[in-house]
Amino acid sequence: MNNCARVREEDNALAQLIVLFDATFFDEFNTRLIRGDDEPVYLPAGTQTSYHQIIFAHGFFSSALHEIAHWCVAGQKRRLLEDYGYWYCPDGRNEAEQKKFEQVEVKPQAIEWAFTIAAGRQFSVSTDNLDGAEPDREGFTRAVKEQLNTYIDEGFPPRAQRFIAALSAAFKTAPLSRSSLTGEAA
């Protein structure tokens, strides 16, 4: 497949993902998935826009899944705050800041991993600290996988479960199970 065909295929998958998210959640949660040109951000409805916006970075499919995962973890009050009111320290974190970042990221990345499998794609954890302390990528991957297995065994948050089902139906993938993780980023 040539590069132009790959770009068209990715654009089609992104368009399908946006339509799928909006069809699954807009009526009930007044939230839309928006393809962004820059850094990702969650913006609650306000005077400028009458609906909440999950804006994902640079048109990347994986960024969209990651930002949706954060939305699925955020409670009702947090969904009224820009970026859910989460603490975020940008790239260049020291070791203590990186550990705190990874603790906050375990649940969303476990959900993102499930979304990725449901969409028929490959997952890779994001330690997101290119210019800072060297992260323990293997340890973080294990922590995310443990959380994913806990979700598989005990259940996902309701919005995450709903979106996993929608992704599986849209992308024609098998139901999520521990065996789905074979060969994945672990």
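The values are calculated or read from the model by the stated rules, or taken from the named source; none is laboratory data. The model shown is predicted, which means the values in this text are computed figures rather than measured ones. For accessibility, only protein heavy atoms count, side chains too; no ligands or nucleic acids. Shrake-Rupley method; radii C 1.70, N 1.55, O 1.52, S 1.80 Å.
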Does residue 165 satisfy the condition of being under 17 Å from the mean Cα position of the chain (by Cα), open to solvent by 30 Å² or more (accessible area, probe 1.4 Å) and more than 21 Å from residue 120 (Cα to Cα)?
no
Which of (1) under 25 Å from residue 105 (Cα atoms); (2) modelled with pLDDT of 95 or more; (3) more than 14 Å from the chain's Cα centre (by Cα) is the odd one out, the single condition residue 50 does not satisfy?
(1)
Among the residues in region 72-80, are any of a type in the set (D, E, K, R) and in a loop (DSSP other than H, G, I, E, B)?
yes
